[in-house]
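Nothing in this text is a laboratory measurement; each read-out follows from the coordinates by a stated rule. All of these numbers come straight from a predicted model, not from anything done at the bench. So basically every Cβ, Gly included, is an ideal-geometry build from the backbone, and we count neighbours across all protein chains shown.
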Protein chains: 2
Amino acid sequence: MQSIQFNAHHSPVGAFASLTLGFPGAKGGLGHELKGPADEPFYVGLEEADREGYYQALPFFEAAEDKSADYDVEGHNAEFSYPNRVSHFAWVVISRKFAACTDEWSAGDLKFRIVTPYPAVPDPALGDSEDLKNAICPGVLIEVEVDNTNCQRSRKVFLGYSGSDRYNGVRIIDQDGLLGVGQGVSVAIATHSEGFKAGVAWQPEMVLNSRQPDNEPFLIGSTGILWTIVPAGEKRTYRFAAGFFREGTATTGIKTHYAYRRFFNSVEDVLTHTLERADELIAQAKTQDTSFAQGLGEDRAFMHAHAVRSYYGATEFLEREDGTPLWVINEGEYRMMNTLDLTIDQLFFELKMNPWTVRNELDLFVERYAYEDTIQFPGDDTKYPGGLSFSHDMGVSNNFSSPGNSSYEQGGLKGCFSYMTAEQLLNWSICASVYGLKTGDKGWLQDKQETLKNCLASMLNRDNPDPAQRNGVISLDSSRCFGGAEITTYDSLDVSLGQARNNLYLAVKGWAAYKLIANVFADLGLTQEAKTATEQAAKAEATILAAVEPDGTMPAIIGEGVPARLIPAIEGLVYLDYVGLECSKPLVEALKTHLTTVLKKGVCKFEDGGWKLSSTSDNSWLSKIYLCQAIAENILGFAPDHEADRAHVNWLLDPANAYFAWSDQMLAGKACGSRYYPRGVTSTLWLSE
Amino acid sequence: MQSIQFNAHHSPVGAFASLTLGFPGAKGGLGHELKGPADEPFYVGLEEADREGYYQALPFFEAAEDKSADYDVEGHNAEFSYPNRVSHFAWVVISRKFAACTDEWSAGDLKFRIVTPYPAVPDPALGDSEDLKNAICPGVLIEVEVDNTNCQRSRKVFLGYSGSDRYNGVRIIDQDGLLGVGQGVSVAIATHSEGFKAGVAWQPEMVLNSRQPDNEPFLIGSTGILWTIVPAGEKRTYRFAAGFFREGTATTGIKTHYAYRRFFNSVEDVLTHTLERADELIAQAKTQDTSFAQGLGEDRAFMHAHAVRSYYGATEFLEREDGTPLWVINEGEYRMMNTLDLTIDQLFFELKMNPWTVRNELDLFVERYAYEDTIQFPGDDTKYPGGLSFSHDMGVSNNFSSPGNSSYEQGGLKGCFSYMTAEQLLNWSICASVYGLKTGDKGWLQDKQETLKNCLASMLNRDNPDPAQRNGVISLDSSRCFGGAEITTYDSLDVSLGQARNNLYLAVKGWAAYKLIANVFADLGLTQEAKTATEQAAKAEATILAAVEPDGTMPAIIGEGVPARLIPAIEGLVYLDYVGLECSKPLVEALKTHLTTVLKKGVCKFEDGGWKLSSTSDNSWLSKIYLCQAIAENILGFAPDHEADRAHVNWLLDPANAYFAWSDQMLAGKACGSRYYPRGVTSTLWLSE
């Protein structure tokens, strides 16, 4: 039996918020703008059928501790604490139905369901609309179902949590038919079901078993509980909403507020709107549960659902002071904003869900996060004209970095935290071309014509300052490296993927960039540029093919004699195929042979059958594995690797990893970085369009 | 030598903020709306005179840990970490000059000074003014002085901290001549001294010893550092400001924002204004350093300065949506707001500094936190008319409780967290009378005439429903106790001070309330009420005097045969004296005898000479000790108890306590509750007016 003890995001769209739940203990809760779970006790429980005043709840909390000792220092007042009466449902009696938009736990007579559809977000350029309001309402729907039909007693049912915000105490909301508990103006859970009561205390027993039911809430406590009584012999469903709200400034560097502020003035507004739309949300979620799993086997359906959730937990839809929209994907535990090498992986999913967000990200890269550099050969101080590129990210932890600079890149390094100038240039060029070609937004491509020309010029320069010596592959480093070396997005792997120059992965990606941009230029009537790009693509292809060694594989770094072999050599194939363009047959064949040869245990597979991106590194990234699986199957004609899928599921569900919801970097199957991460939606390529 | 290793608040007025520093390690920092220190590393250091690239800093941080492993999971990139080069100045070479408004550390060639004058806050009813703006500007001035006159080398000097807010990353402020580091829109440190640079990194060495000085800030780090170079042979003073800012909603329950929002739109505004007023702030602080210590010996000057600081760190000056002011004192680690039994102790200090704040607090108690109850005798369910009283507090942790309810009081209890109905009635009545009589604000007393009448009626009822049986002392409990028993503010002590009925401490306090309210009624021409109150005072006095036992002491609970003896029996004497009214000689004499008899080791003194409020409890509260010391000396003619002062200083400086700045509840000298607390300003009564 597959473990159900894993955290998953349950998030509205664009609120950088998640009701994360599923891992045992106080390891989830109402996470708002966090790098990981909120680690709050969360309570959903039911009175036992045969013991009054005893409760069983889903095991998302630890046993309560008695805080009264801080107030009652000589311990005269034991009368104030309550014996623990809320126990965990045993995991063996809990079942969980997990889909992309509906997550349901059942235990005894209790069902607990979190419902999070992901509606398309209308392009905000089209103006305000009810659809836009509904899409970005920062609320999450919860249902609690109690089947008391076989019980002769009425039983209490409750939902609540303990707040972890250090600035604001837990409060009760009681207005306009809404009853809830929350912290500050930022987070709350509420219901409009009738017959509920709300309490605040140090422990749920103090509310549920209060010796004085008429007591006012004990606001010193940080546990807020909503409860009611289910009549004997009845079956009832209660609805709740969890709401998130950032009232004022959301980010510094670029001052913004959340886009939902157009429609909502308080977390109470959010809760009410979410509850009012419950039926619609449930229907939407059901539809999307199916569509996100369409054609997928159990393992892939699980991983895709998980990845989609983690993506939405990272979405942050902002509005600048001038009213223009700003779409941010936060980088999981790292919280970097709109990391461009994530953008390109999330591209396929975003183009499916909300194509305008891709355009929005690319525009801001041009407006604020573009730069011009000089470049140099390794070990040589001579500076040559480089050209346009883009920063790795736009900032971190709700703070936008200064123009032209990421939060991440530093000079003087050869490894992690060095510049990714060449790769980010390719990333922007590919994203822009794919966006334009896939959506047919020719107006935007026309607007970006000069930028695209500058991208091409910059790519050429980075190949070789001397046109005669160009081979289609990056050979120089940005002078921003101050004598260090550019790296690739695989910053934490060994040199097989770390070094940018002559990197096979980047060579194929560069080939794809030239091919795509050539198509764009052709569409725009820029014949000369199209020709140049096409020639460069051909050179790149020739260089790559020339690197094939006698065993049919290509080395990770071309021409430097490294033994490492890479799966992501094939990454660059995806883009042309995705926009419906033909890939070059010889290149496809060569990469097919390469992959066939390396894709075995001891080379590019772990012992459990999971894919190993580099033969010389134990660090393998699930987002990239998903991507390469799709390429292998859709372009190279490989059969789906079910053993690998199983291994990858096992990685995610390993008790050491499952706290972090969906994670990317797996060191021999252990989440070691890029935890709680949005990038896994490359899995969207598993789905047939 | 007295220890200098203690945290102290360094706070603006009314911002609920404190740059807390002084305890070893990462145990202070920029605390904003917290229940204790922010526990942030804080850096102020200087390059060593004879070793380039090595630094000594005040020991307010732990050795830096290397966080790059989360990103560089296979450890290929050791190049990114820097060897630790910032060491602690040894405590033996550090000296500290600590006064109420200036706190200065010296170590080697470095001086570090935090300057926090506490200007009077003009009554906001008088409208906006430059004085009001200056008084409530939420900024703190810092000076760093480097004496490099004896050094042939230029040396780097730096100031910075690591931010602990979980929502916002550390950013750099660089605008309009202001250079700073901070988190979100809420907290920042900045300078307008020329020649400074700002960096962000994981450790200060990455900024100070950067291998690539042209690198952009590494915003993934949470350590922000401002640094410059002090030329060889020069002496320089640099000024910084620490700023605090809550942009939007500050509290729920009653929706407010900070009053400083009238004048400041950003933390940058605050920083600029603070720096522009530096000379003025320094001069003010010097004057107040003297006035707060006037006539006090070293121990008392220390304790008073410490208490004043902790008071200001708890001040929160808000404005309601209708523009009316709302002054809050937060209850230290408990964060309860405007706890009425603290208000009465802080009364003397507030009347000295900002009398309108007392009126403001009392008004809100009448407007929202008054209630009417019934009352009953212990063990008897019969309900009698009670009358008006006031809740214990107005809420907790920036959440105002519902009308008529505190965050604290619960029914069904006999100890901690029970109701304090009778005492809070006395507290409001005394505060109102003292405010009116001391300030001469007769208009306000007239406005409150009905409330005061209701207070008297409620006091009478709580004595005995049958007028013939009244003895001037509380004999009934509020029905809000649901069969429990009312307690006193000494909630955490044993029954000697815990029980309200027939409590000696409350009896004397009640006597004072009757006397004061009688004077107010007389002033208002309410002869009948004045007469009733006077008669009740006489009855109370008679009851108290009748309780004197053969040894000259009075028991903690009148007529219940308890052995406990109390120092706070004398508390009630302070109010009449404070407003210049005569206390009754027989009562004064009796209490003098009582105190003389109990004030010895083994009864109401600890072995170290510190005062023990109750002979039967080890829990003694410094705020109340200070108050009772002042009463003993000013009213009962005792000589100052220097041995006790010394003991009390030692309590505060005990390494187990010194982290919490000023704390109140000391269990045999160990801070066990009411830590980081505002109530110590009863020490203001040590000063001659």
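Spin-label model, A:Gln212 to B:Glu298: label points 7 Å out along the Cα-to-beta-carbon direction sit 5.0 nm apart. Report the FRET efficiency, 1/(1 + (r/R0)^6), for B:Lys133 and A:Ala120, where r is their Cβ-Cβ distance and R0 is 51 Å, rounded to 0.05. Efficiency at R0 = 51 Å is approximately 0.55. Determine the sum of side-chain charges near B:Gly253: Lys and Arg each +1, Asp and Glu each -1, restricted to other residues whose C-beta is under 14 angstrom from that of B:Gly253. Neighbourhood net charge equals -2.
In the structure shown, the pairs B:Lys438/B:Lys670; A:Lys197/A:Lys286; A:Lys133/A:Lys255; B:Lys453/B:Lys612 are assessed against 25 Å; a Cα-Cα span above that value is assigned to B:Lys438/B:Lys670; A:Lys197/A:Lys286; B:Lys453/B:Lys612. For region A:448-498, the normalised intensity computed at q = 0.13, 0.25 Å⁻¹ comes to -0.41, -1.01 (log10 of I(q)/I(0), Debye sum over alpha carbons, equal scatterers, no solvent).
The same position B:Pro563 in the other copies lies at 8.4 nm from this copy, comparing label points 7 Å beyond Cα toward the beta-carbon, shortest first. Across q = 0.12, 0.23 Å⁻¹, region A:139-254 modelled as identical point scatterers on its alpha-carbon atoms has Debye log10 I(q)/I(0) values of -0.46, -1.32, in the order of the q list. Only the Cβ atoms of Lys and Arg (+1) and of Asp and Glu (-1) were treated as charged; on that basis the dipole of the protein assembly as shown about its Cα centre amounts to roughly 480 debye. Projected over every direction and averaged, the convex hull enclosing the alpha-carbon atoms of region B:332-384 yields 5.7 nm². Note that region A:480-491 has calculated 3J(HN,Hα) couplings of 4, 6, 6, x, x, 10, 5, 10, 9, 4, 7, 5 Hz, one per residue in order, obtained from phi through the Karplus relation 6.51 cos²θ - 1.76 cosθ + 1.60 (θ = phi - 60°); glycine and proline are x.
At q = 0.11, 0.22, 0.25 Å⁻¹, what log₁₀ I(q)/I(0) does a Debye calculation on the Cα points of region B:561-659 give, no solvent, two decimals? Log10 I(q)/I(0), no solvent term: -0.33, -1.15, -1.38. Between region B:593-654 and region A:482-540, the alpha-carbon centres lie 80 Å apart.
Semi-axes of the equivalent ellipsoid of region B:510-579 are 28, 13, 8 Å, computed as sqrt(5λ) over the eigenvalues of the C-alpha gyration tensor in descending order. Dividing the radius of gyration of the alpha carbons in region B:234-375 by their Kirkwood radius gives 1.02 for Rg/Rh. When only the Cβ of Lys, Arg, Asp and Glu is charged (+1, +1, -1, -1), the dipole of chain B relative to its Cα centre reaches about 860 debye. With respect to the axis relating copies B and A by rotation, the chain B residue whose beta carbon is closest, plus that distance in Å, is B:Gly248, 2.
Phi angles of region A:262-272 translate, via the Karplus equation with coefficients 6.51, -1.76, 1.60 and θ = phi - 60°, into HN-Hα couplings of 4, 10, 10, 9, 6, 5, 5, 4, 5, 4, 4 Hz per residue; Gly and Pro are given as x.
Placing pseudo-labels 7 Å out from each Cα toward the beta carbon at A:Ala468 and A:Trp444 gives an inter-label distance of 4.2 nm.
Other residues lying with their Cβ under 9 Å from the Cβ of A:Trp686 contribute a combined charge of 0, Lys and Arg counting +1, Asp and Glu -1. Just want the answer: with Cβ charges of +1 for Lys and Arg and -1 for Asp and Glu, which residue in B:Thr324, B:Trp356, B:Thr343 is farthest toward the dipole's positive end in region B:283-387? Comparing the listed Cα positions along the dipole, B:Trp356 ranks first. Going by neighbour counts of Cβ atoms within 10 Å, the residues A:Tyr258, B:Tyr54, A:Tyr676 line up, fewest first, as B:Tyr54, A:Tyr258, A:Tyr676.
Annotation: amide H of B:Gly411 within the under-5 Å range of A:Glu216, sequence separation 5 or more or interchain, hydrogens built in the peptide plane. The aspartates and glutamates whose alpha-carbon is closer than 18 Å to the alpha-carbon of B:Lys235, local same-chain residues fewer than 8 away aside, are B:Glu47, B:Glu48, B:Asp50, B:Glu104, B:Asp109, B:Glu143, B:Glu145, B:Asp147, B:Glu194. Peptide B:396-407 is shielded by partner chain Cβ atoms: per residue, an average of 6 of them sit within 10 Å of its Cβ. Computed extension gain for B:Val548 through B:Thr597, at 0.36 nm per residue and net of the alpha carbon distance, reaches 16.5 nm. The per residue volume of the convex hull around the alpha-carbon atoms of the protein assembly as shown is 169 Å³. Amide H to amide H distances under 5 Å link A:Ser406 with A:His392, A:Asp393, where only residues 5 or more positions off or on other chains count and H is placed in the peptide plane. Here r is the Cβ-Cβ distance between B:Arg166 and B:Asn265 and R0 is 30 Å; the resulting FRET efficiency, rounded to 0.05, is 0.75.
Farthest toward the positive end of the dipole of chain A, out of A:His32, A:Val157, A:Val649, is the Cα of A:Val649, where the dipole comes from beta carbon charges about the Cα centre. Sequence-ordered 3J(HN,Hα) estimates for region A:274-279 from the Karplus curve with 6.51, -1.76 and 1.60 and θ = phi - 60° stand at 5, 5, 5, 9, 3, 4 Hz, glycine and proline given as x.
Based on alpha-carbon atoms, the Kirkwood radius and the radius of gyration of chain A give Rg/Rh equal to 1.02.
Distances between copies at A:Lys601, taken between label points 7 Å from Cα along the C-beta direction, are 7.9 nm in increasing order.
Restricting the calculation to Cα atoms, region B:294-385 shows an Rg/Rh of 1.13 when the hydrodynamic-style radius is the Kirkwood one. Taking amide H atoms as placed 1.01 Å from N in the peptide plane, the amide H of B:Thr251 lies under 5 Å from those of B:Thr256, each 5 or more residues away in sequence or on another chain. Per-residue ellipticity at 222 nm, computed for chain B from helices alone with -39500 (n - 2.57) per DSSP H run of at least four residues, works out to -9500 deg cm²/dmol.
Projected over all directions and averaged, the alpha-carbon convex hull of region A:301-343 occupies 3.7 nm².
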